[in-house]
Structure formats: C-alpha cells, structure tokens
Amino acid sequence: MKQEDRKSQFDRRDFIGSVAVAGAGLMLTRCAKSYPKLTFLDAAPDGVPLKAGLVGCGGRGTGAAQDFLKAGPNLQITALADVFEDRVAECRKTLEEKAAQEVSADRCFVGFDAYKKVIDSDVDVVLLATPPHFRPEHFEAAVNAKKHVFMEKPVAVDPLGVRSILASAQRAKTFNISVVTGTQRRHQRDYLETYNRVANGAIGRIVSARCYWNQSQLWSKPRQQGWSDMEAMIRDWVSWCWLSGDHIVEQHVHNLDVMSWFLGAYPTKAVAMGARMRRLTGDQYDFFAVDYALENGLHIQSTCRQIDGCANNISEFLVGTEGSTNCRNKIFDKEGKEVWRYRELEGKPEKEAAQESDAEPETPKISPYVQEHIDLVNAIRTNQPINEAENTAKATLVAIMGRISAYTGQEVTWDQVMQSGERLGPTEYAMGPVPIQARVPLPGTEPHT
C-alpha cells in the first residue's frame, strides 16, 4: 500500500481509504517540525435528495439513521426493516419525534427477508445495523443492487463472512459504490490529527503498541415466555458468539483497527487466553488477552474485558523511538513530557488558545458518528467514492484470530484464519428452534482452525 501524498490540502478519499503509510509499521520521516494541514467538512454538500433505507432498527440502527439525517441537506430515511415488528415501530416513532422524519407504513418491512425489500424500495443508500452475523449477506445484496452502503462494525463473525465482505468490497469498487463502516475513529478529528503527525514522524519508528477495551458488563435481555430460541438469541445477540463474534470482535475491533491503521500493517499471528467468570447468558467469554505479532517483530498487547467492579480502560497507545502517543489527542517526548495536544481551535485567537494549553483537550465539534455520514454523503455527491469495507474486514479478521486462539489455546496465524472454513450460526433462519447450545469453549480441547 502506498504512502499518502504530502500535500497542503487533505484528500479524504485517499486518507480514509488506506491504512498503510509506510509498510510494515515503520514511519518514514523523523520528528517533522511541521505537518500537512488537514481540512474537515462540517456538513456534506447540498445535492439532489438521497434516500436511505435502514436494515436493523435497534438502538444502534436508529442512532445511525439519525446521524445520517444530520450529515447535510436533502437527506431522507424512506424505508425500515427488522425481524421484529416492535423494533420497526419504535424506530419509526423515534425518527418522527426526534428527526421530523416520517416513514410510510408501506415502506416498513418485517422478517428475515425484509432487507431485500428495503434494497428494492428505490433507496440510494442502505444502512446496515443488524447483529453482525447477517452483515455479509446483507452487504452482498446491497452491492449487487449497486447501492451505497453504511455498515456497522464488525462486518462479520467468522472467516467465511470476512471473505464474503472482501469479495463484495472489490465488487463495490467496480461499481463506484461508496462504503463507510462504523469504525468512527477513522473519521474522528482528534484521531486524524494525531495520525497525521505520527505518519509524518512525530514519534519516530514505532517499537511498541497496546490497546484495551475493558469495561463493565454489557446489557443482556433475559428470555421471555413465548420467545422461540431464535427470538431469544437475536434479542440478546450480544451474548451469543454466532451473532456477535464475542466481544473481542464486536467491540474490541475498534481498538484493533486503530492499531492496524497507525501501524500500517496487520498481525501475522496471535497467542491468546480468555475465560468466562461471571457471565450468566449466552456462550461468550468475559475477557481476552492477546499477544499479536507483526511480521517485522513488533508486538501488540491487547486486552478486553466485560466484568463489573473492575478497573476500566478503553484506549490505545504507541511507543516510538522519538516519543509516544495515545493515538487520540496527545503526543509525548522520550521522557514522557507532553509536547502536543489536540484542541479545536476554530474561532479562537491564537493567544486565547495558548492560554488554554493546560486545559483538557476539547471534544471535536462534530460527532464522529455524524462525521462518518458526512464523509459518505460527500463522497457520493462529489462522485469521489470511498470504500472502507476492506480495512474493516481485515480488522475484524484480526479480532477473530484472537478469539480463535483464546478458545483453542493454540497459536493462530493470519493465513490459517484466512483459509479457515469456520462458519458460525444456523444456515436457515426462522422463528423457532436453533440447534446451538450455550457451551463455553474450553482451551486445549477445542479443534484448531
């Protein structure tokens, strides 16, 4: 992959579309005293109306629909789909009350095939926000219909799903389709400004990397009387590996994507451990700890945990030969002294900004959840396609590699996972029995991928 051109104006398509700045995670320039200027859009440009359909009307999907509507003028949500009628009704009501957006009843679809009806309903953009298990099939259908796509991370839960996403991503490029994924840190201004400096040598050659997503127990949905196996699992999807990929895939993929983005390379192998300690639902682990190794010998320390009452940490950190960074908004010298901090300076005179040098970094004025939709709509309306599907598919594979290693207790390589035939979940979808038991993997006894 190529190094970005150093130019005065920020080319968002090239920047977002590439993870590699300097092959094998090595930064090419050292301690640059000035950095290319980045520019950002506060709103997408005007244009003919863009109609979007939402597939997956839960909390994240409803949020994504509202974020899309905030991205610029002449944007509409015209179709909704979910396997549950109550979810469609709740989303429809929220959009009407909070976004003044009415979706007609004849464009609200329910069932496992509802996504097809949304895609066929004369929309320009499809927003994919179902549990990740269904993402590869839905993405393939949207691309085949030549629709622009926003899809949430992770983009798959197993190696077969990742390969499907990669194939669809290549097809999308031939159709000039824009695809943005829910890895919002790649659209977040403080991350982008920090990346700009690291890519231009601010901390020298990277020699150490670590990332964390350690938090309290996530939500769960106890099974209700009258629910079938399928309904109970989908309503409690974050508890089931076949639907979410386990939380190392569903959640920690954010941090792993940042590592791959800043390093410009993906791990070639992983050795992991994990266990289930307190979780009461589903079949997932409570924690993972992974040692990822890159081809150049650099290692990434990775941990994620969902247990109440423990120390929490959601962050990334890189150490280089000339300094270090938290990847988000600070750079330190070799002695650990802060030498740069992100702040939103627009509208503030330099003197005032200088007086605030000890203040906490300001939050970017545009939410990254909205910014990713601004970037998507801008790409569509300026006919400069962007495609993030490949990057996110590979980050998802990194997470899957860690999960498989923890479940089996074995070293797992990138090539093994890329060639694996593992597929999670049933092959037919209906509200009824599901032949999957709540069995927690036991390391040392599980079959190797």
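The values are calculated or read from the model by the stated rules, or taken from the named source; none is laboratory data. Treat the numbers as computed from the prediction; the structure is a model and nothing was measured. Note that we place each Cβ from the backbone using ideal geometry, even for glycine, and neighbour counts take in every protein chain shown. For the accessible areas, the whole protein counts, side chains as well, though only heavy atoms, and no ligand, DNA or RNA atoms are used. Shrake-Rupley method; radii C 1.70, N 1.55, O 1.52, S 1.80 Å.
Positive end of the dipole of the chain (Cβ unit charges, origin at the Cα centre): among Leu376, Phe84, Ala275, the Cα lying farthest that way belongs to Leu376. Segment 32-112 gives an Rg/Rh value of 1.17, both radii derived from C-alpha positions and Rh following Kirkwood. Using Cα centres only, tell me the gap between segment 300-347 and segment 33-96 in whole Å. Segment 300-347 and segment 33-96 have Cα centres spaced 30 Å from each other.
Ellipticity at 222 nm from helices only: DSSP H runs of n ≥ 4 in the chain, each -39500 (n - 2.57), divided by the residue count, give -9500 deg cm²/dmol. Rounded to the nearest whole Hz, the Karplus-based 3J(HN,Hα) values (6.51 cos²θ - 1.76 cosθ + 1.60, θ = phi - 60°) of segment 250-266 follow the sequence 5, 10, 5, 4, 4, 5, 5, 5, 4, 4, 5, 4, 5, 7, x, 7, 10, with x at glycine and proline. When the square roots of the Cα gyration tensor eigenvalues are ordered a ≥ b ≥ c, the ratio a/c for segment 56-198 is 1.5 or more and a/b does not exceed b/c, which makes its shape oblate. Taking the alpha carbon gyration tensor of segment 132-266, multiplying each eigenvalue by 5 and rooting it gives semi-axes of 30, 22, 12 Å, largest first.
Among the protein heavy atoms, those of Phe317 account for about 50 Å² of accessible surface (1.4 Å probe, every chain in place). Once you have a ≥ b ≥ c as the square roots of the Cα gyration tensor eigenvalues for the chain, tell me rounded if a/c is under 1.5, and otherwise prolate or oblate according to whether a/b is larger than b/c. It comes out oblate by the Cα gyration axes.
On the principal axes of its alpha carbon atoms, segment 216-312 extends 54, 27, 19 Å, with the longest extent given first. Spin-label model, Ser34 to Ser220: label points 7 Å out along the Cα-to-beta-carbon direction sit 5.7 nm apart. At a Förster radius of 35 Å, what calculated FRET efficiency corresponds to the Cβ-Cβ distance of Ala275 and Thr427, to the nearest 0.05? Given R0 = 35 Å and the Cβ-Cβ separation, E is 0.75. Rounded to whole numbers, the Karplus 3J(HN,Hα) couplings from phi for segment 161-176 are x, 4, 5, 5, 4, 4, 5, 5, 4, 5, 5, 4, 5, 5, 9, 6 Hz, using 6.51 cos²θ - 1.76 cosθ + 1.60 with θ = phi - 60°, and x at Gly and Pro.
Here segment 383-449 has 49 percent of its accessible surface on carbon and sulfur atoms, given a 1.4 Å probe and all protein chains in place. Round to the nearest 0.05 the FRET efficiency obtained for Ser104 and Leu160 when R0 = 41 Å and r is the Cβ-Cβ distance. The calculated FRET efficiency here is 0.65.
Couplings 3J(HN,Hα) for segment 199-204, derived from phi with the Karplus relation 6.51 cos²θ - 1.76 cosθ + 1.60 (θ = phi - 60°), are 5, 9, x, 4, 10, x Hz, where x marks Gly and Pro. Accessible surface of Glu411, taken over heavy atoms with a 1.4 Å probe and every protein chain present, rounds to 90 Å². Put simply, the amide H of Ala44, placed in the peptide plane, has neighbours under 5 Å in Gly72, leaving out anything fewer than 5 places away on its chain.
Assign unit charges at the C-beta atoms only (+1 for Lys and Arg, -1 for Asp and Glu), then state the dipole size of segment 206-248 relative to its Cα centre in Debye, rounded to the nearest 20.
Approximately 160 debye in magnitude.
Distant-in-sequence amide contacts of Gly204, defined by a placed amide H-H separation under 5 Å and a gap of 5 or more residues or a different chain, comprise Cys31, Glu322. For Gln101, nonlocal amide neighbours, meaning residues 5 or more places apart or on other chains whose placed amide H falls under 5 Å from its own, are Glu96. Projecting the Cα atoms of Gln437, Phe262, Phe287 onto the charge dipole of the chain (Cβ charges, centred on the Cα centre) puts Phe262 farthest toward the positive pole. Residue pairs exceeding 28 angstrom between C-alpha atoms, taken from Lys70/Lys116; Lys147/Lys269; Lys146/Lys269; Lys37/Lys334; Lys93/Lys173; Lys269/Lys337: Lys147/Lys269; Lys146/Lys269; Lys93/Lys173; Lys269/Lys337. Could you compute the FRET efficiency for Val339 and Val48, with r as their C-beta to C-beta distance and R0 at 41 Å, rounded to 0.05? FRET efficiency, Val339 to Val48: 0.30.
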